[in-house]
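S.K.: Before anything else, here's the structure in question.
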Amino acid sequence: MDRREHLKLLLAGGVGAGLFLASGCSEEDRRQSEEILRASDLSYGRADYEMEHDKRLLSETFFTEAELEMVKVLADIIIPADDESGSATDVGVHDFIEFMMKDSPPFQLVTRGGLMWLNNQCNTRFGKPFLDCSESERLELIDLIAYPDRAAPDMLYGVRFFNRMRDLVATGFFTSRMGVDYLGYQGNRPGFWDGVPAEVLRNHGLEYDQKTLDESIKEEDRYRIAEWDDNMNPI
Amino acid sequence: MSFEMILPKEKYDVAIVGSGAGGGMAAKVLSEAGLSVAVLEAGGFYDPMQEEFRTQLRWPWESPRRGANTVRPFGDFDAAWGGWEIEGEPYLRNPGTSFDWFRSRMLGGRTNHWGRISLRFGPKDFKRKSIDGLGEDWPIGYEDVKPYYDRVDKLVGVFGTNEGLEDDPDGYFLPPPKPRLHELYIKRAAEGVGVPVIPSRLSVLTRRVNDERGACFYCNQCNRACNVYADFSSGTCLVQPAMKRGNVDLFTNAMVREVMTDSNGLATGVVYINTKNLQEHRIQARVVVLGASACETARLLLNSKSAAHPDGLANGSGVVGRYLHDSTGSDRMAILPALFNRERYNEDGVGGMHVYTPWWLDNNRMDFPRGYHLEYWGGMSMPLYGTGFGMDSMRQHISDQFGNPSPNGGYGAGLKRDIRTLYGSTVGISGRGECIARYDNYCEIDPNVVDKYGIPVLRFNYTWSEHELKQAQHMHETFEEILTAMGGILVGEKPGADREYGLHAPGRIIHEVGTTRMGDDPSTSVLNQYAQAHECKNLFVVDAGSFVSQADKNPTWTIMALSWRTSDYIVEQMSQGNL
């Protein structure tokens with residue numbers, strides 16, 4: 001099949017993309033259609049009211065410039081670049097957090113207040129707001145709120161704020177393409193599940209018993225229309 | 001494709017309200033018998049094969065909220081439109097009681113995103129009162145429904161295995177997929193403590209069942225609705241095929257507000273409001289079939305008052321809305337250190353569990369009357385909103401290569417690595433059990449409130465009894481026993497009596513049934529054994545409203561089997577001139 005045929009099948013809506021994916025085409029066909037599926041920019045299955053909602057949220061701005069700058073600094077403290085991948089801001093985690101503030105309004109006050117609490121602490125300790133502090137001053141304060149089990153009771157506001165920020169930064173990073181690659185997630189592609197790889201089974205001291213092997217689906221049977229014998233068993 | 005511009009026929013043989021499991025099956029069977037059918041769906045047209053609706057095979061970053069559930073209650077890629085709250089369509093609860101009502105306004109209704117767990121009721125499930133004295137027996141038994149379960153298996157497709165279990169009957173199963181790694185750990189641990197684990201039973205096509213639907217390609221996303229129709233939903237597998245074969249007119253965005261009756265009290269059709277332009281329309285029919293969902297059907301009957309039916313249609317008994325019951329549900333999670341830093345490979349599998357545990361104990365030796373089954377979850381699934389959360393309490397369970405435990409919380413490259421270490425190492429168990437149907441759990445029409453279409457809304461009254469509380473308490477004993485036996489570190493506290501043993505609010509499992517129950521006695525039931533109204537012979541119910549008791553089984557397979565049985569009865573009665 002050429003690309004036009006793929007697109008025709010994909011976009012005409014008469015025959016679904018996956019139907020031909022799942023009905024015995026070549027690996028190359030499969031790879032190509034996956035790419036086309038991914039490259040399509042037809043939203044992502046939104047109803048009209050959802051598209052309007054998202055457009056409205058994206059047109060609004062929550063963080064001030066200074067707040068967004070603080071979020072970026074915190075994001076890269078929480079998920080920095082290392083020798084395997086980039087940092088939180090490399091994948092735009094700050095934009096994701098900006099979106100979530102509007103998407104989930106309960107985040108707004110606690111985040112804005114938390115950023116101000118951080119500034120208040122810096123002003124008291126170092127005589128200047130967070131962004132004007134040196135890296136070591138910033139980390140001195142972050143160390144007081146980043147470890148919930150050993151934080152002082154009067155740091156609890158900061159602990160709560162930082163826990164939430166850690167959650168949002170981490171989830172923003174690990175749901176980005178770079179984060180998914182770093183995690184090593186291998187799925188979201190058409191294929192056939194034929195059980196745990198033998199080597200992995202061995203490493204965990206597990207195996208499939210004969211009953212399981214006998215009764216489970218075999219790859220070569222998947223496109224055969226199902227039939228049963230008189231005892232209700234598939235043949 | 002637009003189905004809104006259809007000019008209705010002057011009169012249909014059958015008007016079906018709702019396009020979910022029950023309505024869809026009725027539309028298929030009745031239209032294939034040659035009857036003219038109108039299907040009325042309150043929501044819009046939906047077809048996961050069409051690109052504009054596709055959420056399957058999307059990546060998390062395609063959603064600006066990374067799949068979070070701020071818009072769709074089960075996440076941004078979930079197929080269901082609607083949810084626990086729908087703007088302009090409120091419902092109420094009596095003080096001191098709770099009920100959460102999930103509604104999906106779309107072709108196929110809630111079958112678009114359900115868990116595809118497809119369990120037959122067993123012989124005992126139809127006769128529970130005879131066993132434990134509680135609730136009521138059904139007017140029919142397993143032998144009446146078995147032929148229809150067989151047909152549903154073959155038509156719709158369900159994988160599983162024949163295990164010869166008395167109350168979890170064998171069926172025409174497709175071969176199941178092999179267990180995933182965490183499921184092998186679960187199976188070994190559970191069997192070690194005397195809890196059997198068998199292949200799950202999901203309506204996912206591991207083999208094709210016809211030329212119109214593809215085979216599963218293992219993306220683990222059935223809740224997003226399948227582009228190749230390799231899982232069951234009513235729109236893709238029942239309504240659309242029936243439309244292609246003819247005799248079915250589908251009216252979408254059609255909110256039915258009343259069943260019309262004549263002076264003799266017989267149904268003559270339905271009144272609906274077009275939700276797009278708010279105009280009222282009428283559909284005339286010889287027979288009216290309600291498949292709007294248990295609570296919506298009860299609401300419709302109660303709102304259909306007339307001289308012949310002053311308390312609501314078919315409600316002379318006062319039983320409409322009564323005996324509402326949902327499955328019980330509670331859950332627990334653990335971290336499995338044996339899976340830290342596990343080998344990476346694609347283990348998406350089907351959308352849901354590959355193994356499960358049907359109820360395995362004898363209630364004679366328990367302090368609660370009905371059973372529950374166990375559903376298992378875990379694995380290296382797609383990272384979505386929530387991935388990486390909770391390191392302020394879970395990180396302590398991870399150690400570095402020298403065995404030094406990490407601190408809770410923290411930041412930096414070490415945190416990043418620890419999240420990767422933890423990925424795919426959590427496992428969980430959900431218990432889903434049977435609630436006893438009680439007269440005192442009900443929905444009724446609120447006297448003060450209407451929705452945006454001017455239709456009076458429901459008010460719920462539902463509490464758990466000690467039966468459900470004791471069952472949930474037992475679930476948690478089981479969860480801990482299995483999770484601990486597999487070497488898991490339990491997350492969170494075991495919920496006690498103060499938290500109702502972790503029971504989800506009624507309605508949360510989305511298995512609500514019983515509001516128009518069937519029975520032989522018209523003074524204590526709404527429908528006869530064919531789901532035909534005692535007081536209105538050309539009115540039928542094909543959703544789970546007809547259920548007398550719900551079993552510890554997910555209701556969809558039984559909804560479809562009973563809908564098929566009712567549809568056969570309608571065809572027969574019509575051909576005999578009785579309708």
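The values are calculated or read from the model by the stated rules, or taken from the named source; none is laboratory data. Everything numeric in this text was worked out from a predicted model, so none of it was measured. Quick reminder, even Gly has a Cβ in these numbers, built from the backbone with ideal geometry, and neighbours come from all protein chains shown. When the accessible area is computed, the model is the full protein with side chains, heavy atoms only, and any ligands, DNA or RNA have been set aside. Shrake-Rupley method; radii C 1.70, N 1.55, O 1.52, S 1.80 Å.
S.K.: Are any residues in the stretch A:181-212 open to solvent by 60 Å² or more (accessible area, probe 1.4 Å) and under 35 Å from the mean Cα position of the chain (by Cα), and if so, which ones?
M.R.: A:D181, A:Q186, A:R189, A:D194, A:A198, A:E199, A:R202, A:N203, A:E207 - these are the residues of the stretch A:181-212 that are open to solvent by 60 Å² or more (accessible area, probe 1.4 Å) and under 35 Å from the mean Cα position of the chain (by Cα).
S.K.: A further question follows. Return the pair list, or none, for Cβ contacts closer than 9 Å from residues in the stretch B:489-500 that are in contact (Cβ under 8 Å) with a residue 24 or more places away in the chain to residues that are part of a loop (DSSP other than H, G, I, E, B) and among the aliphatic types (A, V, I, L, M), at least 6 apart or on different chains.
M.R.: B:I489/B:L336; B:P495/B:L503
S.K.: Output the number of the condition that B:V145 fails; it satisfies all remaining conditions of (1) within 14 Å of chain A (Cβ to nearest Cβ); (2) surrounded by 17 or more Cβ atoms within 10 Å (Cβ to Cβ); (3) in a helix (DSSP H, G or I).
M.R.: Condition (1) is where B:V145 drops out.
S.K.: Among the residues of the stretch B:221-239, which ones are in a helix (DSSP H, G or I), crowded, with 24+ Cβ neighbours inside 10 Å and within 13 Å of another protein chain (Cβ to nearest Cβ)?
M.R.: B:C222, B:R224, B:T236
S.K.: Let me ask something else about it. Would you please list the contacts, defined by Cβ atoms under 9 Å and residues six or more apart or on different chains, that run from a residue in the stretch A:179-200 that is under 10 Å from B:R344 (Cβ atoms) and facing chain B (nearest Cβ under 7 Å) to a residue that is open to solvent by 20 Å² or more (accessible area, probe 1.4 Å) and not in a loop (DSSP other than H, G, I, E, B)?
M.R.: That search, which allows pairs on different chains as well, returns A:L183/B:R420; A:G184/B:R420.
S.K.: Follow-up question, since we're still on this one. When the stretch B:279-316 is examined, which residues are found to be charged (D, E, K, R) and closer than 14 Å to B:L266 by Cβ?
M.R.: B:R286
S.K.: If B:G24 satisfies every condition in (1) small (G, A, S); (2) within 14 Å of chain A (Cβ to nearest Cβ); (3) in a helix (DSSP H, G or I) but one, which is the exception?
M.R.: In the conditions (1) small (G, A, S); (2) within 14 Å of chain A (Cβ to nearest Cβ); (3) in a helix (DSSP H, G or I), B:G24 misses (2) alone.
S.K.: Considering only residues that are facing another protein chain (nearest Cβ under 7 Å), polar (S, T, N, Q) and in a loop (DSSP other than H, G, I, E, B), which ones fall in the stretch A:201-232?
M.R.: Passing the criteria: only A:S216.
S.K.: I've got another one for you. Could you check the stretch A:163-178 and list, in sequence order, the residues that are in a helix (DSSP H, G or I) and in contact (Cβ under 8 Å) with a residue 40 or more places away in the chain?
M.R.: Residues satisfying the conditions are A:R164, A:M165, A:R166, A:L168, A:V169, A:A170, A:G172, A:F173, A:R177, A:M178.
S.K.: Have a look at B:G577, B:G507 and point out the one that is part of a loop (DSSP other than H, G, I, E, B), of a type in the set (G, A, S) and open to solvent by less than 20 Å² (accessible area, probe 1.4 Å).
M.R.: Selected residue: B:G507, the only one of B:G577, B:G507 that is part of a loop (DSSP other than H, G, I, E, B), of a type in the set (G, A, S) and open to solvent by less than 20 Å² (accessible area, probe 1.4 Å).
S.K.: Mind listing whichever residues of the stretch B:240-284 are open to solvent by 50 Å² or more (accessible area, probe 1.4 Å) and of a type in the set (A, V, I, L, M, F, W, C)?
M.R.: B:L266, B:L278
S.K.: Please state which one of B:G403, B:G410, B:G431, B:G379 is in contact with a Lys or Arg (Cβ under 7 Å, 6 or more places away or on another chain) and farther than 28 Å from A:V73 by Cα.
M.R.: Of B:G403, B:G410, B:G431, B:G379, the one residue that is in contact with a Lys or Arg (Cβ under 7 Å, 6 or more places away or on another chain) and farther than 28 Å from A:V73 by Cα is B:G379.
Each row is one residue, and each column tells you yes or no for (1) part of a loop (DSSP other than H, G, I, E, B); (2) open to solvent by 10 Å² or more (accessible area, probe 1.4 Å).
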residue	(1), (2)
B:H511	yes, yes
B:Y530	yes, yes
B:F540	no, no
B:A551	yes, no
B:L562	no, yes
B:S567	no, no
B:I570	no, no
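S.K.: Which condition breaks for B:Y356 when tested against (1) within 30 Å of B:M106 (Cβ to Cβ); (2) aromatic (F, W, Y); (3) out of contact with any Leu (no Cβ under 7 Å at 6 or more places or on another chain)?
M.R.: (3)
Residue-by-condition table, conditions (1) closer than 28 Å to B:M49 by Cα; (2) out of contact with any strand residue (DSSP E or B) (no Cβ under 9 Å at 6 or more places or on another chain):
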| site | (1), (2) |
| --- | --- |
| B:V228 | yes, yes |
| B:R245 | yes, yes |
| B:D249 | yes, no |
| B:T268 | no, no |
| B:A308 | no, no |
| B:G321 | no, no |
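S.K.: Of B:E535, B:E468, which residue is under 27 Å from B:G318 (Cα atoms), open to solvent by less than 10 Å² (accessible area, probe 1.4 Å) and not small (G, A, S)?
M.R.: Answer to the check: B:E468.
S.K.: Keeping to the stretch B:153-172, report how many residues are among the aromatic types (F, W, Y) and open to solvent by 10 Å² or more (accessible area, probe 1.4 Å).
M.R.: Residues meeting the conditions: 1.
S.K.: Out of B:R257, B:R207, report the one residue that is within 28 Å of B:R299 (Cα to Cα), outside any helix (DSSP H, G or I) and either without any contact (Cβ under 8 Å) to a residue 40 or more places away in the chain or basic (K, R) (or both).
M.R.: It is B:R257.
S.K.: Go through the stretch B:177-204 and report how many residues are more than 22 Å from A:L201 (Cβ to Cβ) and polar (S, T, N, Q).
M.R.: Count: 1.
S.K.: Moving on. Please find, within the stretch A:102-146, the residue that is most open to solvent (accessible area, probe 1.4 Å) out of those that are within 11 Å of chain B (Cβ to nearest Cβ) and farther than 20 Å from B:G409 by Cα.
M.R.: Per the criteria, the residue is A:P106.
S.K.: Next up: Considering only residues that are more than 30 Å from B:I436 (Cβ to Cβ) and surrounded by fewer than 24 Cβ atoms within 10 Å (Cβ to Cβ), look in the stretch B:286-331 and name the one that is farthest from the chain's Cα centre (by Cα).
M.R.: By that ranking, first place goes to B:A307.
S.K.: Which count do you get for residues in the stretch A:82-101 that are open to solvent by 60 Å² or more (accessible area, probe 1.4 Å) and either free of Cβ contacts under 8 Å to residues at least 40 places away in the same chain or away from every other protein chain (no Cβ under 11 Å) (or both)?
M.R.: Residues in the stretch A:82-101 being open to solvent by 60 Å² or more (accessible area, probe 1.4 Å) and either free of Cβ contacts under 8 Å to residues at least 40 places away in the same chain or away from every other protein chain (no Cβ under 11 Å) (or both): 3 in total.
This table checks each residue for (1) open to solvent by 20 Å² or more (accessible area, probe 1.4 Å); (2) assigned to a strand (DSSP E or B); (3) away from every other protein chain (no Cβ under 11 Å).
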| position | (1), (2), (3) |
| --- | --- |
| B:G34 | yes, no, yes |
| B:V39 | no, yes, yes |
| B:Y46 | no, no, no |
| B:Q56 | no, no, no |
| B:P64 | yes, no, no |
| B:G67 | no, no, no |
| B:D76 | no, no, no |
| B:E89 | no, no, yes |
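S.K.: For B:N341, which of the numbered conditions (1) at positive phi; (2) open to solvent by less than 40 Å² (accessible area, probe 1.4 Å) fails to hold?
M.R.: Every listed condition holds for B:N341 apart from (2).
S.K.: Restricting attention to the stretch B:112-139, report how many residues are buried (at least 19 other Cβ atoms within 10 Å of the Cβ), among the hydrophobic types (A, V, I, L, M, F, W, C) and at pLDDT 95 or above.
M.R.: Of the residues in that region, 5 qualify.
S.K.: Against the condition part of a helix (DSSP H, G or I) and away from chain A (no Cβ under 14 Å), how does B:L30 come out, does it pass?
M.R.: Taking the combined requirement at face value, the residue satisfies it.
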